[in-house]
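Below is one structure, written out as structure tokens; the observations come after it.
The values are calculated or read from the model by the stated rules, or taken from the named source; none is laboratory data. Predicted model, so just to flag it, every value in this text is computed and none were measured. Quick reminder, even Gly has a Cβ in these numbers, built from the backbone with ideal geometry, and neighbours come from all protein chains shown. Surface areas here come from the heavy atoms of the whole protein model, side chains and all, with no ligands, DNA or RNA. Shrake-Rupley method; radii C 1.70, N 1.55, O 1.52, S 1.80 Å.
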Amino acid sequence: MSRRPVPDAVWRSPSGEVVSCVEKLKVLKENLEEIHQLCQDALEDAVLMGCDEQQFRRVLTELMQKIENPYKG
């Protein structure tokens, strides 16, 4: 299975400024690649165990929507 890279994005701060620090961008990309691979592995496991793919995708979407920002405020 070919590995699809995480799409490049122009990351912005809450005030709209472009995040340009190379190390920050590297960490963001690595984190997203890890998340993608973990989700891919979990989907494959679910399908192999006989779960409905679309239901699994809905559950992943719900989990993502429930992520909380501990630094809010």
remark   = Filter segment 2-53 for residues that are touching a Phe, Trp or Tyr at 6+ places or on another chain (Cβ under 9 Å) and assigned to a helix (DSSP H, G or I); the one that is farthest from TYR71 (Cα to Cα) is VAL47
ask   = Filtering segment 1-44 down to residues that are more than 26 Å from VAL59 (Cα to Cα) and of a type in the set (Lys, Arg), which residue is most open to solvent (accessible area, probe 1.4 Å)?
value = ARG12
